[in-house]
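> Have a look at this one before I ask anything.
The values are calculated or read from the model by the stated rules, or taken from the named source; none is laboratory data. For clarity, every value in this text was computed on a predicted model and none was experimentally measured. Every residue, glycine among them, receives a Cβ derived from its backbone with ideal geometry; neighbour counts consider all protein chains shown. To get the accessible areas, we keep the full protein, side chains included, count just its heavy atoms, and leave off ligands, DNA and RNA. Shrake-Rupley method; radii C 1.70, N 1.55, O 1.52, S 1.80 Å.
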Amino acid sequence: MMAVQIRKKLLNIESIYHENGPVRETPIVMASIAIVLKNPYAGRYVEDLSQLVEDSKVLAKEIVPELLAAVGGADKVQAYGKGAIVGLNGELEHGAIWHEAGGWSMRAELPQAKSIVPAAKVVATAGTRLQIPLHHIEACYVRSHFTTMDVGAIDSPRPDELLYALVVSTGTRVHERLGGLRADQLTVGDGQR
C-alpha cells in the first residue's frame, strides 16, 4: 500500500447572484475541493500505476462528502466535473488516474447521476489555473449546465506533486437562456437524450 502524502486541501465555494442581469433571490452555488499530494511517480517512468489508482479512490471517497456538504447536500447537485494539474516532474497519465477515482467516487454519492463526469488535466507549473468543465449529472447534452469552474493554488502543484480536484454546481449558468435539451425533458434511461 502506497501512502498518499497530502500537503494541503482547498475548499472553495462561490455563490453567484447575477452577471449583469436580473439578480437571483437564491444564488447558484458552485464548489470545488482540491487535494495537493506528493506524486510518487515524479521524475521516473512507472508502467503499473494501479497502486495510486486504488489509493486515489480512497482519497476521493473521503473528500466527496465534504464537497457535497458545501453546496447543501447531494440532492442539491445538478452539475459536476473533475480535473488534475500534474507538476512538471510528472506526466499526463498521472492526472488521468483521477478519471476513475474522482469520477466514480462522486457519482456513487449522487443517486441520479448517469452522465459521464467531464474532465480537464494538464502538466504545468505551480500557480496554473485549470478551467474544469461541468455538465448536467443526468445528461451531458443539457446545455444549460455547460460551464466551468476555475481551480488552482499559487504554490501548487510543485514539480513532484499532483493537484486533484472535483467541482459541483447547484444549477445552470446564472442567466442561461440559449435553449436546447432541458433537464425537465429527459426521457431516456441512460441520461444522454
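> Checking Thr125 against (1) under 17 Å from Leu163 (Cβ atoms); (2) crowded, with 18+ Cβ neighbours inside 10 Å, only one condition comes out false. Which one?
Unmet for Thr125, out of (1) under 17 Å from Leu163 (Cβ atoms); (2) crowded, with 18+ Cβ neighbours inside 10 Å: (2).
> In region 139-156, which residue that is more than 14 Å from Ile116 (Cα to Cα) and not in a strand (DSSP E or B) is most open to solvent (accessible area, probe 1.4 Å)? Don't jump to the end; show me each part of the working.
Step one: filter region 139-156 for residues more than 14 Å from Ile116 (Cα to Cα), giving 143-144, 147-156.
If we keep only those that are not in a strand (DSSP E or B) as well, we get 143-144, 152, 154-155.
Values: Arg143: 118, Ser144: 5, Gly152: 16, Ile154: 153, Asp155: 47 Å².
The residue in question is Ile154.
> Read through the list (1) open to solvent by 20 Å² or more (accessible area, probe 1.4 Å); (2) in contact (Cβ under 8 Å) with a residue 24 or more places away in the chain, then give the number of the only condition that Ser50 fails.
(2)
Conditions (1) buried (at least 19 other Cβ atoms within 10 Å of the Cβ); (2) over 12 Å from the mean Cα position of the chain (by Cα); (3) under 21 Å from Gly171 (Cα atoms), marked per residue:
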| position | (1), (2), (3) |
| --- | --- |
| Ala79 | yes, no, yes |
| Ala84 | yes, no, no |
| Gly87 | yes, yes, no |
| Gly90 | yes, yes, no |
| Ala96 | no, yes, no |
| Ala101 | yes, no, no |
| Pro111 | no, yes, yes |
| Ser115 | yes, yes, yes |
| Ala120 | no, no, yes |
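For every residue, the table says whether it meets (1) at pLDDT 95 or above; (2) open to solvent by 60 Å² or more (accessible area, probe 1.4 Å); (3) outside any loop (DSSP other than H, G, I, E, B).
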| residue | (1), (2), (3) |
| --- | --- |
| Arg158 | yes, yes, no |
| Val167 | yes, no, yes |
| His175 | no, no, no |
| Gly180 | no, no, no |
| Thr187 | no, yes, no |
| Asp190 | no, yes, no |
| Arg193 | no, yes, no |
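> Let me ask another. Can you name every one of the strands (runs of 3 or more DSSP E) wholly within region 1-94 that holds 3 or more residues which are farther than 26 Å from Val123 by Cβ? Steps first, answer last, please.
Values: elements: 6-16, 28-38, 79-86.
By residue number, 6-16.
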